[in-house]
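The block underneath contains the structure these notes are about, expressed in structure tokens.
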Amino acid sequence: MVDNAVQELSVEEAWELLGSAELGRIALSVDGHPDIYPVNYFAGDGRITLRTGEGTKLTEIVLNENVAFEADDHSEQDAWSVVAKGTARVLVSMSEINAADELPLRPWIPTMKYNYVEISVSEISGRRYLFGPEPERYPV
């Protein structure tokens, strides 16, 4: 058994890994009904920025600003997962939208996504998982 198979990440490590990926999931909840959506994003400066079109996701963000966000990745040797919690808001001022337009954030699919959403992160945590064989379940 590996003693360090699960490692807690520092806040700095969590942000670094979150910034290294482009695909994550935003978790939303309205009236006790949770939803989760895959999104491409940009992370930096204590914020996560994404773009979205009109629809359910945008409506849910407007109705309940409290969100969770998760991204992860893996190699043959290990994996990591980062979870961020915070408040989301739709950017409305032209100065914020112009600044968001400068981010390396482009839609992956050919659909119109006019709305920028910014998550102000209040809590972030992460773990790294080292792969290896399963320990003997029933030692002799």
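The values are calculated or read from the model by the stated rules, or taken from the named source; none is laboratory data. Quick caveat: nothing in here was measured; it's all calculated off a predicted structure. Don't worry about glycine lacking a Cβ; one is built from the backbone with ideal geometry, like all the others, and counts go over all protein chains shown.
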Report task. Kindly check whether there is at least one residue in the stretch 132-140 that is exposed (fewer than 13 other Cβ atoms within 10 Å of the Cβ), out of contact with any helix residue (DSSP H, G or I) (no Cβ under 9 Å at 6 or more places or on another chain) and basic (Lys, Arg). Result -> yes
Report summary line: Expected single match for assigned to a strand (DSSP E or B), of a type in the set (Lys, Arg) and either modelled with pLDDT under 95 or surrounded by 15 or more Cβ atoms within 10 Å (Cβ to Cβ) (or both) among 57, 85 is 85
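Name the single residue, out of those in the stretch 94-140 being out of contact with any strand residue (DSSP E or B) (no Cβ under 7 Å at 6 or more places or on another chain) and among the small types (Gly, Ala, Ser), that is modelled with the lowest pLDDT. Before the answer, list the steps.
Narrowing the stretch 94-140 to residues out of contact with any strand residue (DSSP E or B) (no Cβ under 7 Å at 6 or more places or on another chain): 94-96, 98-99, 101-102, 106, 109-112, 114, 132-140.
Of the ones still in play, those that are also among the small types (Gly, Ala, Ser) are 95, 99, 132.
Numbers: 95: 96, 99: 95, 132: 87.
It comes out as 132.
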**Report entry** Tabulated pairs, the stretch 52-68, first over 18 Å from residue 83 (Cα atoms), second surrounded by 14 or more Cβ atoms within 10 Å (Cβ to Cβ) and of a type in the set (Lys, Arg), C-beta under 8 angstrom, 6+ apart or interchain
**Finding:** 52/113; 53/113
Report task. Considering each residue of the stretch 1-12, count those that are in a loop (DSSP other than H, G, I, E, B) and of a type outside the set (S, T, N, Q), and give that number. Result -> 5
Report task. Could you grab me the full set of residues in the stretch 13-46 that are of a type in the set (A, V, I, L, M) and either part of a loop (DSSP other than H, G, I, E, B) or more than 17 Å from residue 74 (Cβ to Cβ) (or both)? Result -> 21, 26, 27, 28, 30, 36, 39, 43
